[in-house]
Amino acid sequence: MQKNVSMESKRDSKNTKYKPNVNFLEALLIHKIPPSKPYAILFGVLCAIFLSAFIYLEYFLEEKNYPIYSTIFAIFGFFLYFKLSRLGAFICGGILGVLWFYWVGFSFRFYNFSYLIPLVWLVFFAIYGILFYIFCFFANPFYRLFTLTTSSFIHPFGFNWLIMESVLTKSYFFPSKFTLFLLLCALIIFIALLDKKLYKTSLIWLCVLCFLLPHNTEIKTDSNTIPLKVKTTRFEIPQDQRWQTNQIHNILIQNFNAIADAKNSGYDLVVLPETAFPLSLNLQPALMEKLKAESKEIAILTGAIYQDSTQENTRFFNSAYLFQNGEMQVFHKLILVPFGEKIPLPTPLTKWINKTFFDGANDFMTQDFKAPNSTWIKNQHFQIAICYEATRDEFYKNSPNNLIAISNNAWFTPSIEPTLQKLLMLYFAKNHGTRIYHSSNASENFTLD
């Protein structure tokens, strides 16, 4: 009789181990680690969706994207982050990497390698899956607080667009590392209250923290500086047509029409997109002289290629040209896009990739970064950023009053890339009180003010 009882006890113990009698709500609210793989995977998927919602809300809803939406999704997403098992963390990071960066491989479309796009998705899934696996390796909430708060300092291959505090950009909360830290601390207290089944107290605490955390405010720029009348522009030239010789004439007409419209409308400065002139502008003396002549009435900033040829080799720079008062300045791009303008790998592998996938093209050249490109336009100071640079912390360290950003997003549209780019610019603008003027090809032009 005693032997049967013992065997039954072992059988019950075995069943309890592999078939836990825990429902979804109990697993969500009480258990720190999901008790089974299905819950682990589900939590990972939901966490990734919630932490990516701010991008897609902005993409689909635009002006109807009210702060309450991003606030709710952010709170639920970070709450689930503390509930993830290691498996759930890997799933979360992998899906989040794809949801944020699925568009990166779209440039392969223009080199007849579209079939490689899914491979790019797998790479991003693996990289960010492993990162989040490390972030949640220990269940200790303070370990997870530290890893997520410092995650924006981790830049795989130099690509810095995973900034977790940017999730708060369109929420009621101010998007900063300090706010993220406070929010995660508040959620740790909230989870501790739930563990003790103090549901009413935890709900009250959740409501209180919404009032205690730093709130989003309008961007505060220097009130003593009267902004210039700056005309930003938006062009819609498909990437597969921009560099065709039979399109150059039409593109030049479009550029000079935009300059004329801005001049006739009384603007002080007109900003054309990145490589708006799809040629080596410094080798076109007639064009340069025409732009210098136009600049006597209106300042012109435009993107174009700069070619520097010597006996040894030819170097190409992605550059911004400023024409004002009949003079010209050139600013070379200082921070190149990983795998887009520069392959961040050893030289032999870089040469093989460029030869195999990019028709033997060389990486763009750049100069040593000492300080952001900047200049004076009509007695006001501006920093000049070319596309990716406008989302780099280096261009905001001195909290400039004004920043001009020029982009060409035709490589990645249609996708959420321009939306994520704008949200990151808004994140930096809020944190540094910077007024941003953005002109682009194939995406929205805007002024963040």
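The values are calculated or read from the model by the stated rules, or taken from the named source; none is laboratory data. Predicted model only: the values in this text are computed from it and were never measured. So basically every Cβ, Gly included, is an ideal-geometry build from the backbone, and we count neighbours across all protein chains shown. Note: accessible area is taken over every heavy atom of the protein model, side chains too, but ligands, DNA and RNA are not part of it. Shrake-Rupley method; radii C 1.70, N 1.55, O 1.52, S 1.80 Å.
Tally up the carbon and sulfur contribution to the accessible surface of region 246-331 as a whole percent, 1.4 Å probe, everything protein left in place. So the carbon and sulfur contribution to the accessible surface is 43 percent. Label sites at ASP195 and PHE369, each approximated as a point 7 angstrom past Cα along Cα to Cβ, lie 4.0 nm apart. Sorted largest first by accessible area at a 1.4 angstrom probe radius, with every protein chain in place, the residues ARG315, ARG242 fall in the order ARG315, ARG242.
Scoring 177-183, 36-42 by mean Cβ neighbours within 10 Å over their residues and listing the highest first yields 177-183, 36-42. These residues, SER85, SER265, go from largest to smallest accessible area, 1.4 Å probe, as SER265, SER85. With a cut-off of 12 Å, note down the residues of region 71-92 whose backbone N falls inside the zone around a label point 7 Å from the Cα of ILE130 toward its beta carbon. Backbone N within reach: none found. For the pair region 127-200 / region 406-449, the C-alpha centres are spaced 25 Å from each other.
Protein heavy-atom surface of region 78-132, 1.4 angstrom probe: 78% of the accessible area is carbon and sulfur, with nucleic acids and ligands not counted.
Which residues among region 410-449 fall inside the zone where the amide N is under 19 Å from a point 7 Å beyond the Cα of PHE60, along Cα→Cβ? From region 410-449, the list is 414-421, 423. For the set LYS263/LYS292; LYS229/LYS430; LYS263/LYS422, the pairs lying more than 25 angstrom apart at their alpha carbons are LYS263/LYS422.
Stretching the chain fully between PHE137 and LYS177 yields a gain of 12.2 nm (0.36 nm per residue, less the alpha carbon separation). Only Lys, Arg, Asp and Glu carry charge here, each on its Cβ (+1 for the first two, -1 for the last two); on that basis region 268-311 has a dipole of about 100 debye about its Cα centre. When peptides 150-159, 408-417 are ranked by their average number of other Cβ atoms within 10 Å per residue, the highest-first order is 408-417, 150-159.
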